[in-house]
1. Could you list, in sequence order, the residues of region 348-360 that are free of Cβ contacts under 8 Å to residues at least 60 places away in the same chain and of a type in the set (S, T, N, Q)?
2. List pairs: first in region 361-385 and over 14 Å from residue 15 (Cα atoms), second in a loop (DSSP other than H, G, I, E, B) and among the hydrophobic types (A, V, I, L, M, F, W, C), Cβ under 8 Å, 6+ apart or cross-chain?
3. So the check is Cβ under 7 Å with 6+ separation or different chains; which pairs have a first residue in region 252-272 that's under 11 Å from residue 52 (Cα atoms) and a second one that's part of a loop (DSSP other than H, G, I, E, B)?
4. For region 119-148, which positions are of a type in the set (A, V, I, L, M), assigned to a loop (DSSP other than H, G, I, E, B) and under 26 Å from the mean Cα position of the chain (by Cα)?
5. I need a count of the residues in region 3-39 that are assigned to a helix (DSSP H, G or I), crowded, with 16+ Cβ neighbours inside 10 Å and modelled with pLDDT under 75.
6. Would you be able to tell me the number of residues in region 169-194 that are small (Gly, Ala, Ser) and closer than 19 Å to residue 215 by Cα?
7. What number of residues in region 283-325 are out of contact with any Gly (no Cβ under 7 Å at 6 or more places or on another chain), crowded, with 20+ Cβ neighbours inside 10 Å and under 30 Å from residue 32 (Cβ atoms)?
8. Can you spot a residue in region 116-129 that is of a type in the set (Gly, Ala, Ser) and either crowded, with 21+ Cβ neighbours inside 10 Å or outside the structural domain of residue 250 (by TED's automatic domain parsing) (or both)?
Amino acid sequence: MDAVWAHRFRSMLTVIGIVIGITTVVVVASLLTGLRASIVKFFDELGPDNIFLYKTSGDPSSDFAPVKERKRRPIKKDYADIIARSASNIQDVGIVLYIPPAPSGTLITAKVPGFETDSLNMVGTLPNGNELSPRDFDQGRYFTEEENIRAAHVAVLGYDLAHALFPSGDADGRTFMLDGAEFTVIGVFAKAKGGFFGQNSQDSQIVMPLKTAESRYPELDRYMIVCKAKPGYRKDAYDEVEGIMRRLRGLKKDAEDDFSISTPDQIIQQFDQITGIIGLVAIAISALGLLVGGIGVMNIMLVSVTERTREIGVRKALGARRIDIISQFLAEAMALTGAGGVLGILAAIVLTMLIAVLVPSLPSVVPTWAVVTALTVSVGIGLFFGVWPAVKAAKLDPVEALRYE
């Protein structure tokens, strides 16, 4: 450490590549780890035993599905009754109707005197919707079967939307205008858990009875069926539901599914594949920095061997073995890159904390494994790139070394 500190400015310039590489890897790992944890919470709230059926893959509330999938036949709500009667491993079945932001060409807004917003999304569901995907309430309750049958103009609001429309926090029982009709708030969901990039669309959601949604928007056919499997039988239920759907759709044995069927863990696996690619790109970028840093370390250690030739000669004359010289220079190289690794980790932690403060919606958690791996890799670089200078130093002839200079 004394040898490294004696040329601290040179040492800092040498390990700058390692600092950048380590910082990049740890920051990316922190962001991806936090994002994954948030998404896992999001799908746990949707129901870990649920099976989702929709026309296309991806988010049912968006219009960004592949063109081929958008041409598929819509999911009929009648399928829900058939699945409920036919599937022995299904405990309950629900229906969700997704209402696009502008079903009639005009953007839907929710408003109360003095405030209006279009930052919302709407769905119609059956009264068992909150049993399939349980959520806590901040105020009020869910709607009843009677309210659904008579297509009552009642709604349950997401936490953020409710507090935007009614800042005083007393939304329950109040009325608001939605797409030209008056609705009564009967409940407000508690703040949703998890989400994508810290945001959860459920916090801006308006949930109304299915019959109400159908009466307001009879032209819509964006139905999703939610099937809740019996505990411990989700795999059997999945196969059973898929088989029923294929029969209902009249698909031949060798034909691919013309519908999307998914479970929360499958969606998380797809996310892991995406983040895996992002991680590989980050590693590739940081590897360049680490390579530059490693070459710099090797170069500076070769310079150090030349500068300290006389010192090496004295040590060997006093009885130092080759392994002692090799150990000395390897230790210095590892201390140099290890210091770079520590600086990179500290920079990554500070940067991650700064991101969390500046962008609260972007979750970030520094994982222990990333810190340990970063430190191990940085020290390993010193070991790898320090071998040649260390061996070169050990091969010096003590007599020639003592006469050096």
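1. Listed by number, the list is empty, since nothing qualifies.
2. If the second residue must be in a loop (DSSP other than H, G, I, E, B) and among the hydrophobic types (A, V, I, L, M, F, W, C), the pairs left are 361/197; 362/197; 363/197.
3. Between residues of region 252-272 that are under 11 Å from residue 52 (Cα atoms) and residues that are part of a loop (DSSP other than H, G, I, E, B), the close pairs are 259/55; 259/72; 259/75; 259/249; 260/55; 260/56; 260/57; 264/48.
4. Selection gives 120 alone.
5. 5
6. So the answer is 2.
7. Of the residues in that region, 1 qualify.
8. Checked region 116-129: at least one residue is of a type in the set (Gly, Ala, Ser) and either crowded, with 21+ Cβ neighbours inside 10 Å or outside the structural domain of residue 250 (by TED's automatic domain parsing) (or both).
The values are calculated or read from the model by the stated rules, or taken from the named source; none is laboratory data. Predicted model, so just to flag it, every value in this text is computed and none were measured. Note that each Cβ is placed from the backbone with ideal geometry, even for glycine, and that neighbours are counted across all protein chains shown.
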